[in-house]
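Below is one structure; the comments refer to it alone.
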Amino acid sequence: MLDNSHSYIEDLFALLCSGLFVSFGVYLFQVEELMVGGAAGLALLGTYATDLSWGTLFFLINLPFYALAWTQIGKRFTINTFISVTSISILSEYVPNLVTVDHIHPVFAAMMGGVLIGMGILIMFRHASSLGGLGILAFYLQNRFGIKAGTFQLAIDSLILLCSAIYISWPLVTISVLAAFFLNMVLSLNHRPDRYSLQAKADTEAKTA
């Protein structure tokens, strides 16, 4: 995730693309009142409890975590994450003015939204960035106290989904679980540097054989 082989221009363009993926995925979730985990999910919960927009809340929620990222992960990662979060916060404010979805089935919105956000996060991982927030905290807790990042993230995401039942119906909470499944499948199947490096080695060996 902390690969520095890309140029700054490549990073900027990739993070803009990831911002488009994530902001449109979040828009689909908002249209059907679905939920997602992490800082994005906390921001969605906040839209029900306050008058603030999702983009504003997402930006504010991430602010406390930048210092942790700067000291525990690295400067480039922190800067790229700030760029990602800021671009998503801004883009999410304008997507509803650029796209109007008159009808979409909640299950399809969950699958498509999960895939879009998953692809956006995948691009971020390839360019030393993230959605920030709880992911940074999970990384710190794993390194500092040995708490598995995946376990921590799953617990927090489950809590967010449970809390969302206060504002949305249980069927929509259940469909949101489907969204989380698609999002995480995109990451687990594609964020595998070991797999692709081995495949590249095998291809090279086959060519030289």
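Bear in mind these aren't lab numbers, they're just calculated from the coordinates by the rules spelled out. Just so you know, these numbers come straight off a predicted model, no measurement behind them. Positions of Cβ are generated from backbone atoms using ideal geometry, with glycine treated the same way; all protein chains shown enter the neighbour counts.
Of note:
- Under 5 Å, built H, 5+ apart or other chain: amide partners of ILE147: GLN142
- In terms of surrounding Cβ atoms within a 10 Å radius of their Cβ, SER7, SER53, SER130, SER87 rank from fewest to most as SER7, SER53, SER87, SER130.
- Helical content of the chain, expressed as a calculated mean residue ellipticity at 222 nm, amounts to -26000 deg cm²/dmol (DSSP H runs of 4 or more residues, -39,500 (n - 2.57) each, divided by residue number, nearest 500).
- The string of couplings for region 102-112 from the Karplus curve (6.51, -1.76, 1.60, θ = phi - 60°) is 6, 8, 8, 5, x, 5, 5, 4, 5, 5, 5 Hz, one whole number per residue in order, with x for Gly and Pro.
- Relative contact order of the chain, taken over Cα pairs closer than 8 Å and 6 or more residues apart, is 33 percent.
- Footprinting exposure proxy ranking of LEU63, LEU98, LEU12, fewest other C-beta atoms within 10 angstrom first, gives LEU98, LEU63, LEU12.
- Packing-based exposure ordering (other Cβ within 10 Å, fewest first) of ARG144, ARG76: ARG144, ARG76
- C-alpha long axis of helix 170-190 to longest principal axis of the chain, angle in °: 10 degrees
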